[in-house]
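Below is one structure, written out as structure tokens; comments come after it.
Read the figures in this text as sums done on the coordinates, not as results from a lab. This one's a predicted model, so the numbers in the text were calculated from it and none came from an experiment. In this analysis, Cβ positions are derived from the backbone assuming ideal geometry, glycine residues included, and neighbour counts consider all displayed protein chains.
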Amino acid sequence: MLCGWLAAARDRLPRGRGVWLHLAVASLLANVLPFTLFAYGEQHVTSVLAGIWNATTPLMTLLVVLAALPEERPSWQRLAGLGVGFAGVLVVLGAWRGVGTDELLGNLACLGAAACYGGRSRTSGGSSPDGPSRRSRWPPGS
């Protein structure tokens, strides 16, 4: 499919090592790791619980943005929102009940998957390594 798209656009695969490294990191964070971690996690927790962890992706994204982008300063409103969000997750999860070892590993795997989705925002935002001309175009050849 990709080769057909490239042929229709009269384009070619990128040749730069940096582009391929960027794509590898993005695919690991956006697909490989989260899918693997959720698959493992859901063997030990319910799908409802995994869905709740998946819903923490915006919180994880905010954490990544605050940690990785110095121009995004953590204001008290952002930190308060993050705290309230995580407190809400703990309430929904019923964290005070405690969890067994298997369930803990499943929860951590689902949390890791959501963190990968949050980290993906750092690799997919902004301009591409080859500049704006390498972004997808529609229709092909435009």
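For the range 23-125, the Kirkwood radius over C-alpha pairs fed into Stokes-Einstein at 37 °C and 0.692 mPa s yields D = 231 µm² per second. Segment residue 73..residue 102, full-extension length gain: 6.7 nm, with 0.36 nm per residue of separation and the alpha-carbon distance subtracted. Select from the range 1-52 those trypsin sites (Lys or Arg not before Pro) which occupy a DSSP coil region and have at most 10 other Cβ atoms within 10 Å, ordered by residue number. Passing both the DSSP loop test and the Cβ count: 10, 12, 15. Can you give the FRET efficiency for residue 39 and residue 2, using 1/(1 + (r/R0)^6), R0 = 25 Å, r = Cβ-Cβ distance, to the nearest 0.05? Efficiency for this residue pair is about 0.50.
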